[in-house]
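In what follows, a single structure is set out as structure tokens and then discussed.
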Amino acid sequence: MDFGSINPVLLIASLMVASTPILLAAIGELVVERSGVLNLGVEGMMIVGAVTGFIATVETGSPALGFLGAALGATLLALVFGVLTQIFLSNQVATGLGLTLFGLGISALMGQQYAQLRTPSSPRWEFFGLNEVPVLGPIVFNQHPVVYLSLILVVAVWWFLRTTRPGMILRAVGENHEAAHALGYSVIGTRFAAIAFGGACAGLGGAFLSLVIVPQWTDGMTAGRGWIALAIVVFASWRAWRVLLGAYLFGGISVLQLNLQAAGFAIPVELLSMSPYLITILVLVIISSGRGRASGQAPASLGRTFHASG
Amino acid sequence: MQRGPILIRLEKRAAPSRVWAWATPLVAVLMTMVAGGMLFAFLGTDPVAAIRTIFWDPLFGEFAFFYRGQLLIKAGPLILIAVGLALGFKAGIWNIGAEGQYIIGAICGAAVALAFYPLEARWLIFPLMVIAGALGGFLWAMIPGVLRTRFNTNEILVSLLLVYVAEQILAWMALGPLRNPEGAGFPGSRNLRQYESAANNELIAGTGMHWGVVAAFIAVIFAYVLLSRHLTGFHIRVAGESPRAARFAGVNPTRLILFCLGVSGALAGLAGLFEVAGPSGQISIDFNVGYGFTAIIVAFLGRLHPIGILLAGLLMALTYIGGEAAQATLGLPAAAIQAFQGMLLFFLLAFDVSTNFRVRFGARAPA
Amino acid sequence: MTALLDVRGLTKAYPGVVANDDVSFSIDPGTVHALLGENGAGKSTLVKMVYGLVRPDTGSMQFSGAEFAPGSPQEARAAGIAMVFQHFSLFEALDVAENVALGMENPPPMRKLAQQIREVSETYGLPLNPDRLVGDLSAGERQRVEIIRCLLQDPKLLIMDEPTSVLTPQEVDILFQTLRKLQSEGTSILYISHKLEEIRALCDDATILRLGKVVGTADPRTSSAHELAAMMVGEELKVPKARDHALGDVTLRLDGLSVASPGAFGTSLKDISFELREGEVLGIGGVAGNGQDELLGALSGEIPVAPGAVTFKGEAIGHLGPVARRRRGLLAAPEERLGHAAAPNMSLSENAALSGWLRQGMVRSNLIDWRKARSFASEVIASFDVRTPGTEVPARALSGGNLQKFVIGREILQAPDALVVNQPTWGVDASAAAAIRQALLDLAAGGAAVLVISQDLDELMEISTRFAALNEGRLSAPRPAAGLTVEAIGLMMGGAHGMEVAHA
């Protein structure tokens, strides 16, 4: 086969771009799950982030404010999840699904008047001409600021969970919420903070899609990326570094299949389009079949409802 | 929740409140109407008119004769899918990919019909289509089922991701193998409603009653008996309540997972088949309209109880029809109804707390 | 001498139950004060109030002469109170140092903390490696984590909630030496237990609780165990009596049973063999977490094993599931009442059907006859004096003792040929416990083989024909229970698990 039409440097640079929404959403969900909460509403929070980010950018003309708006909008939705699951003790799976269904609806509603618009593009950073360096330039020194932010977030989450006391408390809450409560830590407060962080990250991821990658608003434009982000958290065995690996792997597959489509290979377009989903499933199977190792590393309180009975 | 000056406290009830178990859906519907009305007002639509257009006019308004038939057409697939999903949800098995099973069921059923075209033999073709539809949905649901039982892979994620795969297959089918050769190059298959042996038309004109609705009613009865009397239904309930107690009772988790996913997949496949052979008529790129997802709301709104699902399915169908009416007469955006349905689920989940907890306001006054 | 802690008239009510009713007592500096009472007497609620986890409805406390009303455990810790929980407040996936740090207000940096843990564990003879994951530790080692967590904060008052329930007799001795050393350094200890001999051996004063009220105080060193028991229970206890009966043939045999634990932090069973005869009660002791759950699972059929590993009435049944085993007459009652032996939110009649549908003929052509389920539930309720408003209340509405009677009764009334029970009287009040033990003895007298897994050695000595102990997944050779000394039992349970005596 002829891969001549596919430039590997551009491929890597663009896979970093394509991966960023998933990476952001997954690193947020990782923190949520480490606190013992399973929020299946990532897709909903992403799409709400995508639309609020888009609207905020159009209305203010500033992509930076757009991203801020996306984070706020998705956080607000995440807090609905928080109130329902932490205060009203609703089932986390059902509430997460509800969040996704509601998010898809409300985003379509909000985005109606914005469907045909375009936003001012946000510039990439160029690092004083370092972007001109061959190979490394386009990959390392010529990305959108949010791409750098996503990488910083991975490092920050890793550092936070591993070395800080609040990070340790968050892990403790996710591991055994009764014991954490008995030691006097606020289970609900910790989880609310984690849920809000997860929402903000998912929102940023959604906005990156509607403001940078596409950049346009269309209904349901996240197209399952939220679910892939959830799968990546499992793939990563709840570890920050592996989330990065997983996200870039899937970003790579998406970019590659798009390139193959564009290059006109004799593979049905539909087969290429479904490949990221199929490969996600395949990887999930490989990870989970490793003698229950993945499930053994899941936070022990994941998805369980906490109510201090006294 | 015991410390400090707190405003709301929850006290676990010794036994779940039966009153609240039934009142919750009603309260949730009322609260959704209020909140939805506020949403509509925000969008610049008269909230009272909107609520009336959605909930009242389709049943009792000027054009009710037209809408009432639509009610069963929309409720049929919702109920059929939701009944199957509820079995799994009760057992703690989360098939959320019914939309994909619905698509595959429709494709399989339509493929059988198109393979026979233009042979006229309804006694053979229609039953074969039904079997193919159910089998297609069943097999599609078996993918997460087998992966879960063989490799312990999370069925939530797999079933959902397979929806996107199914949508791609649908697009491929509509553009490729199942495309109408006489369709002047337009995507989409032949219209099955015009093919006597395959058509799933109304059984009684004007009622919307077709074979899919009949199947939905049968499924409700079947599920009701299963859950209330049958040993398997009992095992489903125990497994959902407490997986360890189920194991102690002798429930085989593998068989239970395959049963629940298989039944819900087959029912979703059936719903797809009846839809493609009836109301929709053809395989097209946008054949699926989200019944598989809305059915999740229907299942919860119906308390995972077959009779409740019957009522919830009708109510949800009403919001679809009323939503379309409101779109036509009041210019309410189509997406509003989807948001409205999501809101309904939120309120339901929020008020559900009353079933198991007593909600007290204000801290206990120190004596 | 002013009291270190002075509790005045604490009252705490929950819906339907007054957990503590006007409770007062005081602890002097440098003393070991016992809080004695049955399960459900309100001991746990009381110490939770002292530790700031629960706010009293009324009443007041003074600590070191100052008013004391902790709003959180942090405040209690800051005041100088530390607590070792009965159900450990530990995190399995975190390491020892992290677990210790989580229980401290201002922990030093991790490396320094690890050093301190080594020093303290050295001083008090509680060896512990700060880098190990808590999930990999034994129950006794986990308790050391809790204790060291407390000691690092130099507490004025150390609360210990039922600390010996997870220890072998030898480990109990070492714990007591540690506690006496602490006492000699001026630390007061509030020691909660229902084990009378321990309290007599360790404590200076005792406050006795019954049904949430203080029913008396005593000097445990001068009171007899009988006097303390009478105050605690409030009535004369019927001690279960074994009837003399001959043993029959071997009905249940385990032959080289090995099971890999299904859980990440569970215990694998290693090469377990024994024989159980008709009419015999085999008691299996051991500290929690040494394979009890796995053994019950392998016997109930929840964990399938090699066919020949379990033989019942001459038939290899290791591969069979719970239903097939029930059909053959081998029944089981697991330890965890809510969520294993019974489904919490299901009614008693549904829970009666849970394990009883087969042998009680409730199912015909796969349809359940709910009337039969109800009548079987009523029968269990009547025969075992289960206090409940009816058969249709959910299992979780029953008190622990009543639900336990229901669960045990459900299995016994199915007339098993062999019955396996795990912790049959755990968390059950004394009179219910006596009734359950009597029912097990009667079952054996009727010719059934009974296997009792328990962590309560007194219980096992009371009802067992023979005794064996589980230790790290291995079973000691069963020995006749009559005439076994505590030392011998302790050694069968694994002795002191490599602990050294505190450097006094």
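Annotations
- Of everything listed in (1) surrounded by fewer than 20 Cβ atoms within 10 Å (Cβ to Cβ); (2) within 14 Å of chain C (Cβ to nearest Cβ); (3) free of Cβ contacts under 8 Å to residues at least 40 places away in the same chain, the single unmet condition for A:Val269 is (2).
- From the list B:Phe274, B:Phe217, B:Phe234, the lone residue that is within 15 Å of the chain's Cα centre (by Cα) and buried (at least 20 other Cβ atoms within 10 Å of the Cβ) is B:Phe274.
- Only one entry of C:Leu443, C:Leu460 meets the criterion of being in a helix (DSSP H, G or I) and without any contact (Cβ under 8 Å) to a residue 40 or more places away in the chain, and that entry is C:Leu443.
- Counted residues, the range B:68-80 - those being crowded, with 24+ Cβ neighbours inside 10 Å and either over 19 Å from B:Gly308 (Cα atoms) or within 14 Å of chain A (Cβ to nearest Cβ) (or both): 1
- Hey, C:Thr164 among the polar types (S, T, N, Q) and in contact with a strand residue (DSSP E or B) (Cβ under 9 Å, 6 or more places away or on another chain) or not: yes
- Some residue of the range B:315-334 being closer than 16 Å to A:Leu101 by Cα and at pLDDT below 85: yes
- Members of the range C:295-349 found to be within 9 Å of chain B (Cβ to nearest Cβ), in a loop (DSSP other than H, G, I, E, B) and either free of Cβ contacts under 8 Å to residues at least 24 places away in the same chain or over 27 Å from C:Gly400 (Cβ atoms) (or both), listed by number: C:Glu302, C:Gly321, C:Glu336, C:Gly339, C:His340
- None of C:Asn402, C:Asn422 is closer than 26 Å to C:Ser268 by Cβ and under 17 Å from the mean Cα position of the chain (by Cα) except C:Asn422.
- Test: B:Phe340 is crowded, with 23+ Cβ neighbours inside 10 Å and at pLDDT below 90: yes
- Top-ranked residue of the range B:236-273 - restricted to ones that are touching a Pro at 6+ places or on another chain (Cβ under 7 Å) and more than 13 Å from chain C (Cβ to nearest Cβ), ranked as farthest from C:Val407 (Cα to Cα): B:Ala271
- Members of the range B:198-214 that are surrounded by fewer than 22 Cβ atoms within 10 Å (Cβ to Cβ) and modelled with pLDDT of 90 or more: B:Trp211, B:Val214
- Identification of helices (runs of 4 or more DSSP H) wholly contained in the range B:238-343 with 1 or more residues that are under 24 Å from B:Ala28 (Cα atoms) yields B:291-301, B:306-330.
- Restricting attention to the range A:179-192 and to residues that are at the interface with another protein chain (Cβ under 10 Å from one of its Cβ atoms) and either without any contact (Cβ under 8 Å) to a residue 24 or more places away in the chain or part of a loop (DSSP other than H, G, I, E, B) (or both), the residue that is surrounded by the fewest Cβ atoms within 10 Å (Cβ to Cβ) turns out to be A:Ser186.
- Residue list for the range C:8-26, filter: assigned to a strand (DSSP E or B) and in contact with an Asp or Glu (Cβ under 7 Å, 6 or more places away or on another chain): C:Gly9, C:Thr11, C:Lys12, C:Ala13, C:Ser26
- Subset of the range C:345-369 [surrounded by fewer than 23 Cβ atoms within 10 Å (Cβ to Cβ) and not hydrophobic (A, V, I, L, M, F, W, C)]: C:Asn345, C:Ser347, C:Arg359, C:Gln360, C:Gly361, C:Arg364, C:Ser365, C:Asn366, C:Asp369
- Selection count where residues are farther than 23 Å from C:Arg437 by Cα and surrounded by fewer than 18 Cβ atoms within 10 Å (Cβ to Cβ), scope the range C:371-401: 6
- Residues satisfying the stated conditions in the range A:231-266, i.e. within 14 Å of chain B (Cβ to nearest Cβ) and on the phi > 0 side of the Ramachandran plot: A:Ser237, A:Trp238
For (1) in contact with a Leu (Cβ under 6 Å, 6 or more places away or on another chain); (2) farther than 26 Å from A:Ala115 by Cβ; (3) more than 7 Å from chain A (Cβ to nearest Cβ), each residue gets a yes or a no:
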{"position": "B:Glu324", "(1), (2), (3)": "no, no, yes"}
{"position": "B:Leu330", "(1), (2), (3)": "no, no, yes"}
{"position": "B:Ala334", "(1), (2), (3)": "no, no, yes"}
{"position": "B:Ile337", "(1), (2), (3)": "no, no, yes"}
{"position": "B:Met343", "(1), (2), (3)": "no, no, no"}
{"position": "B:Phe347", "(1), (2), (3)": "no, yes, yes"}
{"position": "B:Asp352", "(1), (2), (3)": "no, yes, no"}
{"position": "B:Thr355", "(1), (2), (3)": "no, yes, yes"}
{"position": "B:Arg358", "(1), (2), (3)": "no, yes, yes"}
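- Looking only at residues of the range C:43-74 that are more than 12 Å from chain A (Cβ to nearest Cβ) and under 22 Å from the mean Cα position of the chain (by Cα), we find that the one that is surrounded by the most Cβ atoms within 10 Å (Cβ to Cβ) is C:Leu46.
- The set of residues in the range C:421-434 being over 17 Å from C:Gly40 (Cα atoms) and aliphatic (A, V, I, L, M) consists of C:Val421 alone.
- Criterion: β-branched (Val, Ile, Thr) and crowded, with 19+ Cβ neighbours inside 10 Å - qualifying residue of C:Thr207, C:Thr217: C:Thr207
Quick grid of which residues meet (1) touching a Ser or Thr at 6+ places or on another chain (Cβ under 9 Å); (2) not aliphatic (A, V, I, L, M):
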{"residue": "C:Ala3", "(1), (2)": "yes, no"}
{"residue": "C:Ala13", "(1), (2)": "no, no"}
{"residue": "C:Val18", "(1), (2)": "yes, no"}
{"residue": "C:Asp28", "(1), (2)": "yes, yes"}
{"residue": "C:Ala34", "(1), (2)": "yes, no"}
{"residue": "C:Gly42", "(1), (2)": "no, yes"}
{"residue": "C:Leu53", "(1), (2)": "yes, no"}
{"residue": "C:Ala66", "(1), (2)": "no, no"}
{"residue": "C:Gln74", "(1), (2)": "no, yes"}
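Here is a yes/no grid of residues against (1) more than 12 Å from chain B (Cβ to nearest Cβ); (2) in a helix (DSSP H, G or I); (3) within 28 Å of A:Ser186 (Cβ to Cβ); (4) at pLDDT 90 or above:
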| position | (1), (2), (3), (4) |
| --- | --- |
| A:Leu10 | yes, yes, no, no |
| A:Leu40 | no, no, yes, yes |
| A:Met45 | yes, yes, yes, yes |
| A:Thr52 | yes, yes, no, yes |
| A:Phe67 | yes, yes, no, yes |
| A:Thr85 | no, yes, yes, yes |
| A:Gly96 | no, yes, yes, yes |
| A:Ala108 | no, yes, no, no |
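- B:Ala266 being within 30 Å of C:Met346 (Cβ to Cβ) and touching a His at 6+ places or on another chain (Cβ under 8 Å): no
- Yes/no for C:Gly140 being within 22 Å of the chain's Cα centre (by Cα), surrounded by fewer than 20 Cβ atoms within 10 Å (Cβ to Cβ), modelled with pLDDT under 90 and not aromatic (Phe, Trp, Tyr): no
The values are calculated or read from the model by the stated rules, or taken from the named source; none is laboratory data. Just so it is clear, the model here is predicted, and its values are computed rather than measured. Note that we place each Cβ from the backbone using ideal geometry, even for glycine, and neighbour counts take in every protein chain shown.
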